[in-house]
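> Let me give you the structure first, and then I'll get to my questions.
The values are calculated or read from the model by the stated rules, or taken from the named source; none is laboratory data. For clarity, every value in this text was computed on a predicted model and none was experimentally measured. Every residue, glycine among them, receives a Cβ derived from its backbone with ideal geometry; neighbour counts consider all protein chains shown. Quick note on the areas: whole protein, heavy atoms, side chains included, nothing else; ligands and nucleic acids left out. Shrake-Rupley method; radii C 1.70, N 1.55, O 1.52, S 1.80 Å.
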Amino acid sequence: MSSATPATTQNQSKPRWERYVPVYGFPVVNSFFVVLSLLVIVAFVLTAYRELAGLGPVSGMNDAYGWGIWKTFNVMVLTALGSGAFAVGIAAWVFRRKRMHSLMRMALLTSFLAYACGLLLLGIDAGRPWNFYWMVFPWKWNLHSPLAEVAICMSIYAMIPLAVENIPPVLERLWYFDSRLRPVVTIIERRLHYFFPWIIAAAYLLPGMHQSSLGALMLLAGERVHPLWQTPWLPLLYLGAASFMSFGCVAGTTMLCCLVWKRAMDMEVLDEAARITAWLIFGWLGLRLLDILFRGALGTAFHFDRFAAVFWLETLSIAIGGWLLVRSLRFHDPQPMFVGYVLSSAGGMIYRFSPTTLAFRPNPEALYFPATIEILVSLGFISLGVLGFLIAVKRLAILPAPLQEWYDMASYFRFRRPYIRWTGYFKFGFFGEEESEASGSD
Amino acid sequence: MAITRRELFTRVGKGAVPAAVAATVGVDTLQAAEPIPVPSAAVGLLYDATICIGCKACVAACAEANDTPADTRRDFLHQAPTDLNDVTRNIIKLYKPEDGSEFSFVKRQCMHCLDPACAAGCPFQALHKDPETGVIGWTPEKCIGCRYCTITCPYHIPRFQWAGFNPRVTKCELCRHRLEQGLKPGCTSVCPTGAVIFGPRPVLLLEGKRRIQSNPGRYYQDRIYGEHDNGGTQALYLSHVAFEKLGLPELGPESVPARTLRWQRRFYQYFALPAVLYAGLVQVIRKSIKGHEEEAHEREKRTGLRAQL
Ligand code: SF4
Ligand code: SF4
Ligand code: SF4
């Protein structure tokens with residue numbers, strides 16, 4: 001299969017993603033960027049206030065709903081969207097779906113940002129964060145606690161395997177940036193590659209553990225979680241939801257980027273991603289419905305209450321999303337595919353949000369609605385992730401593109417922006433020549 | 001493709017199958033409720049709702065014994081908390097049905113479960129069951145303020161302090177500081193009718209059974225709540241109305257953590273299964289990386305552009 005078609009680049013009608021190419025020709029700072037930065041600043045200021053005033057004055061949390069959106073949305077939901085490094089990575093490295101490698105850098109980047117922002121907010125949400133230092137004493141851990149598992153495993157994952165997996169694009173940029181750095185970069189890269197199998201394997205084991213433990217968190221809450229959601233299978237369902245949601249996030253974001261920055265889409269890669277996602281979705285839906293059936297909870301889905309409404313909203317949007325994905329495969333049509341990703345991921349988000357919030361019934365009178373400050377901080381940390389993403393795709397080679405895009409970028413920096421020294425991808429005047437190790441004596 | 005996938009399964013299978021066999025052999029023994037050990041010097045409370053007159057002396061005494069300020073937030077005059085909260089470890093509540101049938105008071109405080117859900121979830125063992133007395137105490141130096149305990153406790157006992165930069169988790173700790181000095185808990189020492197008494201758990205159980213026997217028909221279901229419920233608790237209840245009405249849910253004889261975290265605990269036992277998975281993954285990925293690198297270098301030769309891995 002490998003090199004059967006040597007002349008793929010010439011095939012203009014069917015673009016193939018063959019190289020990661022940074023987004024060029026668009027300034028990093030634009031009005032959207034400024035708005036996001038303002039949101040981040042507001043969130044930082046409010047965070048400082050929260051650290052002084054405590055959680056009560058800034059949030060809608062109360063004795064009945066001890067957890068608010070910082071945990072239940074920014075961590076539970078957004079890290080599921082950010083499990084791309086896990087799900088896409090397993091498809092690419094373990095099941096050797098070679099085409100998925102084109103999406104790998106997107107997956108790694110979105111994962112890292114989602115986890116980093118989630119973890120920051122997890123620290124802000126904790127009432128006594130200074131006691132996190134117990135994390136360095138493994139014998140003090142409560143190994144039976146799903147929360148300990150989540151907190152420890154997530155931090156280790158984001159700080160070691162995920163961060164390391166994101167180093168290659170940075171090194172690559174350094175390599176192109178200055179020829180004096182090349183020997184060092186090459187040495188570091190070689191070291192890195194040596195450890196990669198262990199790091200990548202950890203990058204699949206750890207999220208597998210903590211994404212399922214996120215589901216296990218609510219097991220202890222017992223009957224207070226509505227029977228449509230409370231099941232011993234919660235860990236597996238959480239993991240499954242994370243898998244298809246993250247595929248949706250990675251592929252959907254890539255498509256959106258292609259649209260915004262006018263990139264060609266490789267329908268072969270996208271089709272394969274959609275096919276995998278559709279399988280994941282229908283497998284997951286089957287498991288979920290069987291579980292509800294066997295526990296005899298199906299009746300509650302036909303009550304006329306908010307729980308049934310949430311259930312149907314979530315199930316239908318996931319199912320319709322899956323159906324759209326399958327349809328898009330027949331016509332290789334990016335439009336229903338994108339809508340399919342959006343719908344299924346939105347449904348998955350509702351699913352991940354429900355057990356802790358929408359379907360959590362601590363007592364009949366209790367209510368929770370996030371306070372304004374709470375929402376602003378939550379938004380601010382999402383903006384932080386988006387900011388990071390925008391900077392990264394414009395400064396590093398993250399987005400996949402046809403080979404031609406690389407040459408276009410090289411000539412762009414040479415002829416249209418020759419004065420750019422620090423922000424361009426290449427060293428001044430570099431044209432993408434002198435790439436082989438032999439002639440790198442510059 | 002198919003071959004590589006099969007290869008993955010066999011690789012993982014080689015290690016996982018023995019592990020799975022071991023697990024399934026052990027299932028029968030693990031499936032049965034594991035008996036929960038009762039601490040050697042387990043102490044507790046026995047509350048009898050049929051005797052309680054609702055004077056709330058114990059509420060005031062509890063605040064005094066624990067050196068907490070009186071909660072006057074309701075009318076800024078009286079110590080009248082409406083529920084357990086960040087300064088209230090003990091509360092008397094009234095259950096009064098609308099149809100005019102029997103009413104009852106109920107004293108709510110920590111049940112000191114034999115297998116506590118709060119401690120099962122607490123990440124760094126800030127909530128910890130004393131191995132001797134069985135009292136579940138809170139250690140401020142280990143608490144990260146995650147509030148998981150307020151979600152896991154089936155009786156909804158621990159309360160988080162929502163104001164301030166140094167919040168505490170408040171729950172009845174059976175006046176462990178007083179027990180150390182040889183004193184009785186605050187609440188039991190002031191109760192005018194003896195509705196709540198303190199003692200070693202076996203003695204309290206005997207006393208409860210004696211009361212049930214000498215007053216046939218007086219007590220709900222003729223049983224003590226907490227003898228077996230939720231795996232057994234150290235605070236025991238007698239009542240003339242249904243326990244559920246008093247906020248004591250029917251949880252069955254198995255404790256909440258044992259019932260809900262069984263599979264979770266088995267999966268992580270000795271970290272054996274994760275370790276096997278990890279080893280299998282490393283093997284498969286090693287091979288994939290080799291293939292991927294070869295392909296990338298081939299492409300480098302073809303395009304003249306540096307390989308991107
Ligand atoms: S009643 Fe709640 S707080 Fe008390 S020991 Fe049991 S689980 Fe913990
Ligand atoms: S809030 Fe404190 S005591 Fe409660 S579970 Fe979290 S760390 Fe443990
Ligand atoms: S044992 Fe102590 S802390 Fe617990 S309710 Fe009684 S007085 Fe309060």
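> Any residue at all in region B:132-141 that is within 9 Å of chain A (Cβ to nearest Cβ) and open to solvent by 10 Å² or more (accessible area, probe 1.4 Å)?
Yes, because at least one residue in region B:132-141 is within 9 Å of chain A (Cβ to nearest Cβ) and open to solvent by 10 Å² or more (accessible area, probe 1.4 Å).
> Suppose the filter is within 16 Å of ligand 1 (Cβ to nearest atom), on the phi < 0 side of the Ramachandran plot, part of a loop (DSSP other than H, G, I, E, B) and buried (at least 23 other Cβ atoms within 10 Å of the Cβ); does B:Cys187 pass it?
no
> Quick check on A:Thr9: is it modelled with pLDDT under 90, more than 30 Å from B:Asp86 (Cβ to Cβ) and in a loop (DSSP other than H, G, I, E, B)?
The answer is no for A:Thr9.
> A follow-up question, please. Does any residue in region B:152-172 that is more than 7 Å from ligand 1 (Cβ to nearest atom) come within less than 6 Å, Cβ to Cβ, of a residue that is open to solvent by 30 Å² or more (accessible area, probe 1.4 Å) and of a type in the set (A, V, I, L, M, F, W, C) six or more places away or on a different chain, and which pairs are these?
What qualifies is B:Phe165/A:Leu52.
> Still on this model: Is it true that B:Gly199 is part of a loop (DSSP other than H, G, I, E, B) and either touching a Cys at 6+ places or on another chain (Cβ under 7 Å) or not polar (S, T, N, Q) (or both)?
no
> So, one more: Could you check, for region B:69-84, whether at least one of its residues is away from ligand 2 (no atom under 14 Å from the Cβ), within 17 Å of the chain's Cα centre (by Cα) and among the β-branched types (Val, Ile, Thr)?
Checked against the condition, which is being away from ligand 2 (no atom under 14 Å from the Cβ), within 17 Å of the chain's Cα centre (by Cα) and among the β-branched types (Val, Ile, Thr), region B:69-84 yields no hits at all.
> Just for region B:250-280: of the residues that are open to solvent by less than 20 Å² (accessible area, probe 1.4 Å), in contact with a Pro (Cβ under 9 Å, 6 or more places away or on another chain) and at the interface with chain A (Cβ under 8 Å from one of its Cβ atoms), which one is farthest from A:Asn142 (Cα to Cα)?
Result: B:Val256.
> So how many residues does region B:151-165 have that are more than 9 Å from ligand 2 (Cβ to nearest atom), farther than 28 Å from B:Ala41 by Cα and within 7 Å of another protein chain (Cβ to nearest Cβ)?
The number of residues fulfilling the criteria is 4.
> Out of the residues in region B:98-111 meeting the condition of being within 15 Å of ligand 3 (Cβ to nearest atom) and either among the basic types (Lys, Arg) or part of a loop (DSSP other than H, G, I, E, B) (or both), tell me which one is farthest from the other protein chains (Cβ to nearest Cβ).
This residue is B:Lys107.
> Restricting to region B:131-150, give me the number of residues that are under 20 Å from A:Leu122 (Cα atoms), more than 8 Å from ligand 2 (Cβ to nearest atom) and assigned to a loop (DSSP other than H, G, I, E, B).
0
> Next question, about the same structure. Take the residues of region B:152-162 that are assigned to a loop (DSSP other than H, G, I, E, B) and closer than 16 Å to A:Ala126 by Cβ: which is farthest from ligand 3 (Cβ to nearest atom)?
B:Trp162
> Which one of these does B:Leu114 not meet: (1) in contact (Cβ under 8 Å) with a residue 40 or more places away in the chain; (2) more than 14 Å from ligand 3 (Cβ to nearest atom); (3) more than 20 Å from B:Phe198 (Cβ to Cβ)?
(3)
> Could you tell me which numbered condition A:Pro227 fails, if it satisfies all but one of (1) farther than 21 Å from A:Phe112 by Cα; (2) more than 11 Å from chain B (Cβ to nearest Cβ); (3) open to solvent by less than 20 Å² (accessible area, probe 1.4 Å); (4) not acidic (Asp, Glu)?
Going through the list (1) farther than 21 Å from A:Phe112 by Cα; (2) more than 11 Å from chain B (Cβ to nearest Cβ); (3) open to solvent by less than 20 Å² (accessible area, probe 1.4 Å); (4) not acidic (Asp, Glu), A:Pro227 breaks only (3).
> Here is a further query. Taking B:Leu84, is it within 14 Å of another protein chain (Cβ to nearest Cβ), modelled with pLDDT of 85 or more and open to solvent by less than 30 Å² (accessible area, probe 1.4 Å)?
Against the criterion (within 14 Å of another protein chain (Cβ to nearest Cβ), modelled with pLDDT of 85 or more and open to solvent by less than 30 Å² (accessible area, probe 1.4 Å)), B:Leu84 qualifies.
> (1) more than 8 Å from chain B (Cβ to nearest Cβ); (2) crowded, with 24+ Cβ neighbours inside 10 Å; (3) of a type outside the set (D, E, K, R): which one isn't true of A:Ala148, the others all being true?
It is condition (1) that A:Ala148 fails.
> Another one. Just give me the residues in region B:93-130 being away from ligand 2 (no atom under 16 Å from the Cβ) and surrounded by fewer than 20 Cβ atoms within 10 Å (Cβ to Cβ), in sequence order.
Hits for region B:93-130 are B:Lys93, B:Leu94, B:Tyr95, B:Lys96, B:Pro97, B:Glu98, B:Asp99, B:Gly100, B:Ser101, B:Glu102, B:Phe103.
> Is it the case, given these coordinates, that B:Gly194 is open to solvent by less than 70 Å² (accessible area, probe 1.4 Å) and either assigned to a helix (DSSP H, G or I) or within 15 Å of ligand 3 (Cβ to nearest atom) (or both)?
Spelling it out, B:Gly194 is indeed open to solvent by less than 70 Å² (accessible area, probe 1.4 Å) and either assigned to a helix (DSSP H, G or I) or within 15 Å of ligand 3 (Cβ to nearest atom) (or both).
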